[in-house]
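Asker: Next up is a structure, given as structure tokens.
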Amino acid sequence: MPLFEMSGKTLSPVEQANFALEKELQTLIERNLATVFNCRFVASEFSTGALHAGRIDSLALSEDNNPVIIEYKKVESSELINQSLFYLHWIQDHKGDFEIAVQRKLGNGVEVDWSDVRVICIAPNYKKYDVHAVQVMGANIELWKYRLFKNESIYLEEVFQATKVTASPSSVYGGKNPVMVEAGKKAAQVRAIATYEFDEHLEGKPAHIQSLMHSIREFIVGIDPAIEEVPKKFYVAYKISQNIVCMEPQSRNIKLFVKLSATNVESPPKFYRDVTEIGHYGTGDTEFTLSSEQDFELIKPYIEAAYNKVGG
């Protein structure tokens, strides 16, 4: 998609460019990991040892404390997919090496969550065969393409998201509500290697809480088809490049942790709380505790604002 520069009511196309060196792309992303992917930098050019004789471009830790591998190419190349798959298998067999690197960079108090390993490939383009190959593999690899422009702008877009549909809608909703079944067809996605599912968070919850969970899920994934549902042990995250909302279901209510700072929350309802300095499951500094559909109607604008803030 072309980029146009606005001058009054006149549009002028912005010419594309590229990095002179691949390292320039890598350095740019590493210095802006928090902004782009909401990750913490761990290491650059991480050696996989004499036996494997490889170097992982970037290692990071996600906002959910999951390992993150990032590989870059400044030209279209199938080698990027092969390298990423190799490093994904390597890190799963060398968890201790990664945890030591995390402790050295981020401190001993950080606990790595191995339920998910995120692999991000960044390149200007991908062959259709590469996208198909990743899809068939079922590996947890994200394909992102970039465009660099001469006005010093860069555009990032995810072209493949490693997700799969889990249980059929009839098993998710028990065949009781056809409307919710149709919504669930789109919403019922989890990462290919995730160990938790949305259904697990429904178990033991009262009917009105389950119904509210479905409403929240339907609304969030309806904002943008690129939004991904990632169930965790204590909550369900909804994300694009980073978490937008985390839903923590409880027996009497649902806590939503929205990625908004207190300064961006205007005229909040009475069930809002700033949890910037308060420990909690999930990510996001703005907490809303909901117990009804009416409560949720008041929260929708804040979720949309968080989506816009992360660049959706």
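The values are calculated or read from the model by the stated rules, or taken from the named source; none is laboratory data. Remember, predicted model here, so these are calculated numbers, not experimental data. Cβ sites come from the backbone with ideal geometry, for glycine too, and all protein chains shown count toward neighbours. Keep in mind that these areas ignore ligands, DNA and RNA; they rest on the heavy atoms of the full protein, side chains included. Shrake-Rupley method; radii C 1.70, N 1.55, O 1.52, S 1.80 Å.
Asker: Return the single residue from Gly282, Gly109, Gly222 with maximal mean-square fluctuation; model: Gaussian network over the chain, springs between Cα atoms under 10 Å.
Answerer: With Cα springs under 10 Å in the chain, the top fluctuation among Gly282, Gly109, Gly222 is at Gly109.
Asker: When the accessible area of the chain is split by element with a 1.4 Å probe, what percent falls to carbon and sulfur?
Answerer: Working: 7760 of 15390 Å².
Roughly 50 percent of what the probe reaches on the chain is carbon or sulfur.
Asker: Skip the ligands, DNA and RNA, and give the accessible area per residue of the chain with a 1.4 Å probe, whole Å². Mind showing how you got there, number by number?
Answerer: Details: 15390 Å² over 312 residues.
Accessible area per residue: 49 Å².
Asker: Binning every alpha carbon pair distance of segment 198-310 at 10 Å from zero, what are the percents per bin?
Answerer: 15, 52, 31, 2
Asker: Might you work out the accessible area of Asp64 for me, using a 1.4 Å probe with all protein chains in place, and round it to the nearest 10 Å²?
Answerer: It works out to around 20 Å².
Asker: Here is a further query. If the cut-off is a Cα-Cα distance under 16 Å, which aspartates and glutamates reach Lys73, setting aside same-chain residues fewer than 8 apart in sequence?
Answerer: Glu22, Glu24, Glu30, Glu45, Asp57, Asp130, Glu142, Glu157, Glu158
Asker: Related question: On a straight-distance basis, which lysines could pair with Lys74 in a cross-link, Cα separation under 17 angstrom, same-chain partners fewer than 8 positions away excluded?
Answerer: Partners within reach: Lys23, Lys127, Lys145, Lys150.
Asker: Taking H placed 1.01 Å from N in the peptide plane, check which residues at least 5 places from Val42 or on another chain put their amide H under 5 Å from its amide H.
Answerer: Result for Val42 returns Leu59, Ala60, Leu61.
Asker: Now for a separate question. What is the P(r) of the chain, as percent of Cα-Cα pairs per 20 Å bin from 0?
Answerer: Answer for the chain: a P(r) of 30, 56, 14 percent.
Asker: For Asp199 and Arg55, what is the calculated FRET efficiency with R₀ set at 35 Å and r taken between the beta-carbons, to the nearest 0.05? Intermediate values should be presented prior to the final figure.
Answerer: Numbers: r = 40 Å, r/R0 = 1.15.
The formula returns an efficiency of 0.30 here.
Asker: Using the Kyte-Doolittle scale, find the helices of the chain whose mean hydropathy is at least -1.0 and whose Cα atoms extend 20 Å or more along the helix's long axis, counting only whole DSSP H runs.
Answerer: On the way: long enough: 79-93 (21 Å, -0.03); 207-223 (25 Å, 0.74); 293-309 (24 Å, -0.81).
Helices passing the filter in the chain: 79-93, 207-223, 293-309.
Asker: What lysines does Lys255 reach when the alpha-carbon gap must be under 29 Å and sequence neighbours fewer than 8 apart in one chain are set aside?
Answerer: List returned: Lys164, Lys176, Lys185, Lys186, Lys205, Lys232, Lys233, Lys239, Lys270, Lys300, Lys309.
Asker: Non-local amide H neighbours of Ser78 (under 5 Å, H modeled in plane, Pro and chain starts lacking H): which ones?
Answerer: Residues meeting the criterion, in which the H sits 1.01 Å from N, do not exist here.
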